[in-house]
Amino acid sequence: MPLLTQHTQDENDQYCLVASLDNVRNFSTILKAIHFQEHATCFTTKNGIKVTVENAKCVQANAFIQAEVFQEFLVREESVIFRINLTVLLDCLSIFGSNPMPGTLTALRMCYQGYGHPLMLFLEEGGVVTICKINTQEPQETLDFDFCTTNVISKIILQSEGLREAFSELDMTSEVLQITISPDKPYFRLSTFGNAGSSHLDYPKDCDLMEAFHCNQTQVNRYKISLLKPSTKALVLSCKVSIRTDTRGFLSLQYMIRNEDGRVCFVDYYCSPDEDIPEPES
Amino acid sequence: MKFRAKIVDAACLNHFTRVSNMIAKLAKTCTLRISPEKLNFILCDRLVGGGVSMWCELEQENFFSEFQMEGVSAENNAIYLELTSENLSRALKTAQNARTLKIKLTNKHFPCLTVSVELLSMSTSSRIVTHDIPLKVIPRKLWKDFQQPSVPDADVSIYLPVLKTLKSVVEKMKNISNHLVIEANLNGELNLKIETDLVCVTTHFKDLGNPPLASDDASRDRDPAEMAEVHVDIRKLLQFLAGQQVNPTRALCNLVSSRMVHLDLLHEDVCLQYFIPALS
């Protein structure tokens, strides 16, 4: 990609963030997994980029793209933060098509000069170059779910295929998804209460899909299905998912996604429980 | 007024089906002009539809094994018909793997283009599917509205890049903006630009090549690096690109600064001209 790599040191100096990638899909795929709101906050440190999307102050999704995923990654300040229109960013990243012809890769070089400046994208495929200048916005305070490991009550690691079907076929007429995790039967249960009746899906603790199961105390929580449904996007891309709940009933879903280079990226979902917590069912 | 024609060759039939599919994607209703040598699919969209016009021409002898026609009179030996282009492409869908295709102008209470398809069958009895496509015969006095569009002298002529890449870029740009700037110069460079409050996107194509200039061409004295630009409705361009299923033999883009984009495509022996007016 001669067009994207011929940059003098001077040129790089004016930017506080420079990131280059041989295959733009390693970046865009992860962003697609959290694209359920128009706007996202990008938080960059020398370790990588974290992109955060929130909805209704109840759910937050974070996509982490580590510095190692990029072929070049330069951050001149301790941290660089900006808010951006994610829909536009994704349209720009996939300008040469989401399913490229086999053997062709779209290279990306992303530069940002700092507060008040646009995010610059230079994309190249087969000698065709696209330059995008996306205006950035004032960063907004993101929610702190204060989800710390010491308060975690239960933790399950599942192979994603185990949850994929369940999530894609959730009864959307039900307002909530009820998650039961207990040290005894039914161990891990997903329940919906829709127009056509209730449905329960149980996962035995020792099934092949279950890689880890830790739970000392029965916990039943309800989450708005409309808030959880968007996480299906990350689920379909992922190979493993970790499901955790804490003492307050907050839910953390962590998806492990392997990109086309075989590197692992993570997408986190945090969701607060629905207010009226029901009596545990027998 | 008489018209009947027959296709027996499978390759010709496929080619004709492809042309009719392309027309259906480009124009909802179109005018079919039948003359002794040629068939034309014409779209003359006066301002209502944004002023896009199309002129598609095919030599009848490259497609039809039998072709008989008799126009309105000896001196005006042509027939102009208006039809819904999708009806024709839908009728031809059944003609895949057909033995023969016959097209005939008929009058069944109202004028129709009757398409009969003889399907391949294992037994001796033949199976025939018939479609009657309703149409309007365009009277002689309105013919002047469907003349071949005159091609104004282009400021810049340039070969188009691979249409698949072009389509994908324009598709994504359409998500962001309604207007698109097309600019090109005589150095083989073509740029597509959109600009909104949120974002500016420019795609640069280079080394596309310019066709040789005609000797009396005004653009001879033009600075090769100077860009000619035209603002167009992005949907019109996308509609054109969406209609192109196969890469054409030749694809040329002619820009008349601030006036129009003229796209000139050659698919084997079918020539398609598409005109998108500039936005004011």
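The values are calculated or read from the model by the stated rules, or taken from the named source; none is laboratory data. This one's a predicted model, so the numbers in the text were calculated from it and none came from an experiment. Neighbour counts run over all protein chains shown; Cβ positions are idealised from the backbone, glycine included. Areas reflect the complete protein model, heavy atoms only, side chains present, ligands, DNA and RNA absent. Shrake-Rupley method; radii C 1.70, N 1.55, O 1.52, S 1.80 Å.
Here are a few things to note about the model shown:
- In a simple Cβ point-charge model (Lys, Arg +1; Asp, Glu -1; nothing else charged), the protein assembly as shown has a dipole of about 2060 debye relative to its Cα centre.
- Tensor-based shape of segment A:1-146 (alpha-carbon gyration tensor, a/c under 1.5 rounded, otherwise prolate or oblate): oblate
- In a DSSP loop and with at most 14 other Cβ atoms within 10 Å, the chymotrypsin sites (Phe, Trp or Tyr not before Pro) in segment A:86-154 are A:Y115.
- Cα gyration tensor shape for the protein assembly as shown, rounded if a/c is under 1.5, else prolate or oblate: oblate
- Loop trypsin sites (Lys or Arg not before Pro), segment B:7-89, which have at most 13 other Cβ atoms in a 10 Å radius of their Cβ (DSSP): B:K28, B:R46
- Computed [θ] at 222 nm, helices only, for chain B once each DSSP H run of length n ≥ 4 contributes -39500 (n - 2.57): -5500 deg cm²/dmol
- Computed 3J(HN,Hα) for segment B:113-124, one whole-Hz value per residue from the Karplus formula 6.51 cos²θ - 1.76 cosθ + 1.60 where θ = phi - 60°, is 9, 9, 9, 10, 10, 9, 7, 5, 9, 6, 8, 7, glycine and proline marked x.
- For segment A:70-144, GluC sites (Glu not before Pro) are listed when DSSP marks them as loop and at most 13 other Cβ atoms sit within 10 Å of their Cβ; the list is A:E77, A:E78, A:E141.
- The 3J(HN,Hα) values that the Karplus relation (6.51, -1.76, 1.60; θ = phi - 60°) gives for segment B:79-84 are, in residue order, 10, 10, 10, 10, 9, 7 Hz. Gly and Pro appear as x.
- Annotation: extensible slack from B:L142 through B:T124 equals 1.7 nm (criterion: 0.36 nm per residue apart, minus Cα-Cα distance).
- Among the cysteines of chain A, those with no neighbouring cysteine Cβ under 4.7 Å are A:C16, A:C42, A:C58, A:C111, A:C148, A:C207, A:C215, A:C239, A:C265, A:C271.
- Once the Cβ-Cβ distance of A:S168 and A:H117 is raised to the sixth power relative to R0 = 41 Å, the FRET efficiency obtained is 0.50.
- Shape of chain A, Cα gyration tensor, a/c cut at 1.5: prolate
- Electrostatic tally near B:H131: other residues with Cβ closer than 10 Å to its Cβ, Lys and Arg +1, Asp and Glu -1, net +1.
- Phi angles across segment B:230-241 convert, under the Karplus curve 6.51 cos²θ - 1.76 cosθ + 1.60 with θ = phi - 60°, into 3J(HN,Hα) values of 9, 8, 10, 6, 4, 5, 5, 5, 5, 4, 4, 5 Hz, Gly and Pro given as x.
- Only the Cβ atoms of Lys and Arg (+1) and of Asp and Glu (-1) were treated as charged; on that basis the dipole of segment B:156-277 about its Cα centre amounts to roughly 460 debye.
- Shielding by partners for peptide B:163-173, expressed as the average number of C-beta atoms from other protein chains within 10 Å of each residue's C-beta, is 4.
- Comparing A:G127, A:I95, A:V51 along the charge dipole axis of segment A:3-137, the residue lying farthest to the positive side is A:V51, per the Cβ-charge model.
- Residues of segment A:3-137: accessible area per residue with a 1.4 Å probe, Å²: 40 Å²
- Whole-Å distance, taken between Cα centres, linking segment B:1-28 and segment A:78-149: 46 Å
- Centroid-to-centroid separation of segment B:164-217 and segment A:251-274 [C-alpha atoms, Å]: 38 Å
- Estimated at the nearest 10 Å², the accessible area of A:R258 is 130 Å² with a 1.4 Å probe.
- Neighbourhood net charge (11 Å Cβ-Cβ; Lys/Arg +1, Asp/Glu -1) for A:N195: -2
- B/A buried area, accessible surface, summed, 1.4 Å probe, Å²: 1600 Å²
- Of interest is the spacing of the C-alpha centroids, which for segment A:185-199 and segment B:39-106 amounts to 60 Å.
- Toward the positive end of the charge dipole of segment A:3-137, with +1 on the Cβ of Lys and Arg and -1 on the Cβ of Asp and Glu, the farthest Cα among A:A19, A:Q137, A:L74 is that of A:Q137.
- Simple label model, 7 Å out from Cα along Cβ direction - A:H39 to B:R4, nm: 7.0 nm
- Rounded to the nearest 20, the Cβ-based charge dipole of segment A:58-215 about its Cα centre (Lys and Arg +1, Asp and Glu -1) stands at 180 debye.
- Counted by Cβ distance under 13 Å from B:L58, the other residues give a net charge of -3, where Lys and Arg count +1 and Asp and Glu count -1.
- A dipole drawn for the protein assembly as shown from +1 and -1 charges on Cβ atoms has a positive end, and of B:T124, B:L43, A:L170 the residue lying farthest that way is B:T124.
- Cα-Cα over 23 Å, subset of A:K50/A:K229; B:K167/B:K206; B:K6/B:K141; A:K50/A:K240; A:K57/A:K240; B:K102/B:K141: B:K6/B:K141; A:K57/A:K240; B:K102/B:K141
- Accessible heavy-atom area order of A:D261, A:D171, highest first, probe of 1.4 Å: A:D261, A:D171
- Taking every residue in B:197-209 and counting other chain Cβ atoms within 10 Å of its Cβ, the average works out to 5.
- Peptide A:217-223 has a mean of 0 when you count, residue by residue, the C-beta atoms of other protein chains within 10 Å of its C-beta.
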